[in-house]
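J.: Sharing a structure with you now.
The values are calculated or read from the model by the stated rules, or taken from the named source; none is laboratory data. Just so it is clear, the structure is predicted and the values come from calculations on it, not from any experiment. Virtual Cβ from ideal backbone geometry, glycine too; neighbours counted across all protein chains shown. All accessible areas refer to the heavy atoms of the entire protein, side chains included, with ligands and DNA or RNA removed. Shrake-Rupley method; radii C 1.70, N 1.55, O 1.52, S 1.80 Å.
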Amino acid sequence: DLQGPGEVTHLWTTISSPDPNHLRNLVLRVFYDGNVYPSVESPIGDFYGLGNGKSYTFNNLMQAIGTNNGFNSLWPMPFAKSARFEVTNESDFPVNAFYYYVDWRQLKRMPRGVGYFHAQYRQAMPCPDGQSYLILETQGSRGHFVECNLSIHTQVSGWWGEGDDIFTVDGEAV
């Protein structure tokens, strides 16, 4: 529970759990400025870029997973008044150890024109045959789409499909 204004610059987590699905069953939620609804809501593994509930070495500019399950996120998360981070265990297995730290800096004020970081988990199983898979639907006058981590598990071997990235704005036709 951070009091701001401020900006989270780094999240680190490592977990010990007998639950083979703990990367999906532990859910991360982030609430900014006293909001009742989370701006981030995702299974913890998917938040850090680990799809299908599996742990593996992975990195990009904003996320890094080491060989010993050290999960790192470098997404900037600015907030005007407060930021509250919650992790909920939604399984019947206990978590033996949950280590974390949050690097952040306090600011005099939230910079103008800077938006809040949002992340949402979606899943379709099975994915509707012959239909486009919706990654994001949002409303607002401003924002930046910065990443989609798409993890696919197929029931058959071989290439899973082909598709285009389609962005529409204000009800445009596809």
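J.: As a test of the formula, what do you get for the chain when each DSSP H run with n ≥ 4 contributes -39,500 (n - 2.57) and the sum is divided by the residue count, at 222 nm and rounded to the nearest 500 deg cm²/dmol?
T.: Numbers: 2 runs with 8 residues, N = 174.
Helix-only estimate at 222 nm: -500 deg cm²/dmol.
J.: Continuing with this model, one more query. Just to confirm my numbers, what's the Cα centroid distance between segment 132-169 and segment 10-81 in Å?
T.: 19
J.: A further question on this structure: If one puts a single equal scatterer on every Cα of segment 23-174 and applies the Debye formula without solvent, what log₁₀ I(q)/I(0) results at q = 0.12 Å⁻¹?
T.: Taken in order of the listed q values, log10 I(q)/I(0) reads -0.65.
J.: Quick one: plug the Kirkwood hydrodynamic radius of segment 94-174 (C-alpha pairs) into Stokes-Einstein at 37 °C, 0.692 mPa s, and report D in µm²/s. Could the numbers behind the result be given before it?
T.: Values: Rh = 17.6 Å.
The Stokes-Einstein estimate is 187 µm²/s.
J.: In square nanometres, what is the average projected area of the Cα convex hull of segment 1-93? List each step's numbers first, then the result.
T.: Working: hull surface 24.2 nm².
Directional mean of the projected Cα hull area for segment 1-93 stands at 6.0 nm².
J.: Moving on to the next point. Out of the total accessible area of segment 21-174 (probe 1.4 Å, heavy atoms of protein only), what percent is carbon and sulfur? Write down the numbers at each step before the final one.
T.: Values: 5660 of 11420 Å².
Exposed carbon and sulfur together represent 50 percent of the surface.
J.: On to the next question. Could you give the nm distance between label points at GLU137 and HIS153, where each point is 7 Å from its Cα heading toward the beta carbon?
T.: Distance between the two pseudo-spin positions: 2.5 nm.
J.: Which far-off residues, 5 or more places away or on another chain, put their amide H under 5 Å from the one on TRP104, with H placed in the peptide plane?
T.: THR9
J.: Along segment 30-42, what does the Karplus equation 6.51 cos²θ - 1.76 cosθ + 1.60 (θ = phi - 60°) give for ³J(HN,Hα), rounded to whole Hz, x for Gly and Pro?
T.: 10, 10, 9, 6, x, 4, 7, 9, x, 8, 10, 8, 7
J.: Still on this structure, I have one more. Can you list residues from other chains, or at least 5 along the same chain, whose modelled amide H is less than 5 Å from the amide H of LEU50?
T.: For LEU50, whose amide H was placed from the backbone, there are no distant partners under 5 Å.
J.: Using each residue's phi in segment 117-125, evaluate 6.51 cos²θ - 1.76 cosθ + 1.60 at θ = phi - 60° and report the 3J(HN,Hα) Karplus result to the nearest Hz, with x for Gly and Pro.
T.: Rounded to whole hertz, the list is 7, 10, 8, 9, 9, 10, 8, 10, 8.
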